[in-house]
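Undergrad: Mind having a look at this structure? Questions to follow.
The values are calculated or read from the model by the stated rules, or taken from the named source; none is laboratory data. Only a predicted model underlies this, so the values are computations on that prediction, with no experimental measurement involved. Cβ: placed from backbone, ideal geometry, glycine included. Neighbour counts: every protein chain shown.
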Amino acid sequence: MPHGTLERSAPSFMRPGPTPRAQLILYSALALFLMVADARLHVTEPLRNVVATVLYPVQWLMLQPTNLLGRSSTYVESLETAQAEAKEAHQKWLAASLRANQLDQLELENERLRQLLDLRARTKVSARAAQILYDTADPYSRRVVVDAGQTSGVEPGSPVVDALGVLGQITRVHPFYSEATLLIDKDQAIPVLNVRTGQRGVAYGDPVLSHGGGMELRFMQANADIQEGDLLTTSGMDRVYPPGLPVARVVRVERRADLAFARVYCAPLARVQGARHVLLLSPATNDLPQVLPSPEIPASTPKKKPRK
């Protein structure tokens with residue numbers, strides 16, 4: 001064979017390249033840069049929306065077997081259980097009808113008092129129904145995914161409630177679905193009002209408590225008038241949650257002589273573990289009255305004193 005036809009270059013697997021340590025340093029620096037850029041500048045938010053939109057049909061298909069299994073399980077419910085639930089529902093309906101008659105009278109009296117005092121009527125909050133699809137896979141947060149997104153008019157910060165009370169808040173909105181952070185998440189806080197005493201406070205999520213997570217009412221004085229069983233509702237001070245929504249109930253109060261604040265543990269009223277159907281409320285900031293700027297008063301010029 002002529003010498004000119006011999007292969008003079010080394011095979012591809014013999015060519016020198018970056019060492020594994022250099023590749024590890026390069027990829028680690030690139031990952032750190034992307035994390036910092038996403039946390040500060042949200043550079044990957046459009047890409048995240050595109051990926052979420054593309055994966056939505058796949059997620060929907062993956063959930064269909066679970067939905068079919070859940071629907072089929074309802075057909076095997078025993079007759080005795082159905083009769084017991086119907087009897088209990090009838091008793092609750094009778095009690096609710098009695099309360100409704102009383103509430104109608106109280107609402108009429110409240111309206112007359114407001115007209116008498118010329119007070120502004122309470123703002124009505126719009127709501128839309130939604131369904132919880134699944135829990136997120138993030139082990140460091142307590143979030144769920146609901147089947148309503150930007151196409152349904154959902155806004156970030158919208159309160160999420162179920163039939164028993166406040167469940168959480170919308171923290172991320174995608175085109176076809178949204179992510180809601182539950183009240184028991186460690187980064188969640190909600191202003192509350194003690195119905196019995198009228199004292200305001202702030203409840204924080206505490207996912208390490210028993211029964212799958214709870215809440216803690218922090219920065220309460222050790223001599224504060226708070227007892228087990230007190231009902232906590234939204235105070236409306238944050239201009240996000242409408243006032244009067246049930247939030248939690250006090251389950252334990254710990255007072256120590258060497259601490260200035262008491263440890264108040266609460267249990268959320270909403271079903272943070274088994275909620276299925278929820279309501280998405282519009283943030284209270286959307287319904288606040290606009291305050292017109294006050295007209296500027298021109299500064300008066302000092303009068304000149306007459307010469308003597």
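Undergrad: If you go through the range 175-202 one residue at a time, how many are of a type in the set (A, V, I, L, M, F, W, C) and not in a loop (DSSP other than H, G, I, E, B)?
TA: Here is the first cut: in the range 175-202, the residues of a type in the set (A, V, I, L, M, F, W, C) are 176, 180, 182-184, 189-190, 192-193, 195, 202.
Filter once more, keeping what is not in a loop (DSSP other than H, G, I, E, B): 180, 182, 189-190, 192-193, 202.
Of the residues in the range 175-202, 7 are of a type in the set (A, V, I, L, M, F, W, C) and not in a loop (DSSP other than H, G, I, E, B).
Undergrad: I'd like the residue in the range 139-151 that is free of Cβ contacts under 8 Å to residues at least 40 places away in the same chain and either in contact with a Leu (Cβ under 6 Å, 6 or more places away or on another chain) or more than 17 Å from TRP60 (Cα to Cα) (or both) and, out of all such residues, is surrounded by the most Cβ atoms within 10 Å (Cβ to Cβ).
TA: VAL145
Undergrad: Also: All but one of (1) part of a loop (DSSP other than H, G, I, E, B); (2) within 30 Å of TYR56 (Cβ to Cβ); (3) free of Cβ contacts under 8 Å to residues at least 60 places away in the same chain hold for GLU155, so report the exception by its number.
TA: Single failed check for GLU155: (3).
Undergrad: What about VAL208, is it at pLDDT below 90 and within 16 Å of ALA189 (Cα to Cα)? Spell out the reasoning first.
TA: Details: at pLDDT below 90: yes; within 16 Å of ALA189 (Cα to Cα): yes.
Considered against the rule, which asks whether it is at pLDDT below 90 and within 16 Å of ALA189 (Cα to Cα), VAL208 comes out as yes.
Undergrad: For the range 201-210, give me each residue that is among the hydrophobic types (A, V, I, L, M, F, W, C) and surrounded by fewer than 20 Cβ atoms within 10 Å (Cβ to Cβ). Give the steps one after another, and end with the answer.
TA: Let us first name the residues in the range 201-210 that are among the hydrophobic types (A, V, I, L, M, F, W, C), namely 202-203, 208-209.
Hits for the range 201-210 are VAL202, VAL208, LEU209.
Undergrad: Determine which member of the set LEU116, LEU34 is at pLDDT 75 or above and either assigned to a helix (DSSP H, G or I) or closer than 30 Å to ASP206 by Cα (or both).
TA: On the way: LEU116 fails: at pLDDT 75 or above.
It is LEU34.
Undergrad: A further question follows. Would you confirm, using the coordinates I've provided, whether ARG172 is surrounded by fewer than 16 Cβ atoms within 10 Å (Cβ to Cβ), assigned to a strand (DSSP E or B) and of a type in the set (Lys, Arg)? Give the steps one after another, and end with the answer.
TA: Details: surrounded by fewer than 16 Cβ atoms within 10 Å (Cβ to Cβ): no; assigned to a strand (DSSP E or B): yes; of a type in the set (Lys, Arg): yes.
Judged against the criteria, ARG172 is not a match.
Undergrad: So which residues in the range 220-244 are over 30 Å from SER126 (Cα atoms) and either buried (at least 17 other Cβ atoms within 10 Å of the Cβ) or at pLDDT below 90 (or both)? Let's see the steps before the verdict.
TA: Within the range 220-244, the first condition is being over 30 Å from SER126 (Cα atoms), and the residues that meet it are 220-229.
The answer is MET220, GLN221, ALA222, ASN223, ALA224, ILE226.
Undergrad: Does the range 215-230 include one or more residues that are touching a Ser or Thr at 6+ places or on another chain (Cβ under 6 Å) and aliphatic (A, V, I, L, M)? Before you say what the answer is, go through the steps one by one.
TA: Quick first cut of the range 215-230, residues touching a Ser or Thr at 6+ places or on another chain (Cβ under 6 Å) only: 225.
Subsequent filtering for residues that are aliphatic (A, V, I, L, M) retains none.
Among the residues of the range 215-230, not one is touching a Ser or Thr at 6+ places or on another chain (Cβ under 6 Å) and aliphatic (A, V, I, L, M), which makes the answer no.
Undergrad: Could I ask something else about it? Identify, from the list ARG8, ARG21, ARG99, ARG48, the residue that is out of contact with any helix residue (DSSP H, G or I) (no Cβ under 7 Å at 6 or more places or on another chain) and at pLDDT below 75.
TA: ARG8
Undergrad: Go through GLY213, GLY198 for me and flag whichever is surrounded by fewer than 17 Cβ atoms within 10 Å (Cβ to Cβ) and out of contact with any helix residue (DSSP H, G or I) (no Cβ under 6 Å at 6 or more places or on another chain).
TA: Working: GLY213 fails: surrounded by fewer than 17 Cβ atoms within 10 Å (Cβ to Cβ).
One residue alone meets the criteria, GLY198.
Undergrad: Which of the residues spanning the range 37-49 are on the phi < 0 side of the Ramachandran plot and either surrounded by 11 or more Cβ atoms within 10 Å (Cβ to Cβ) or of a type outside the set (A, V, I, L, M) (or both)?
TA: The initial filter retains those residues of the range 37-49 that are on the phi < 0 side of the Ramachandran plot, namely 37-41, 43-49.
Selection gives ALA37, ASP38, ARG40, VAL43, THR44, GLU45, PRO46, ARG48, ASN49.
Undergrad: Residues THR123, THR136: which one is at pLDDT 80 or above, surrounded by 10 or more Cβ atoms within 10 Å (Cβ to Cβ), within 30 Å of GLY157 (Cβ to Cβ) and within 31 Å of the chain's Cα centre (by Cα)?
TA: Numbers: THR123 fails: at pLDDT 80 or above.
Among THR123, THR136, only THR136 is at pLDDT 80 or above, surrounded by 10 or more Cβ atoms within 10 Å (Cβ to Cβ), within 30 Å of GLY157 (Cβ to Cβ) and within 31 Å of the chain's Cα centre (by Cα).
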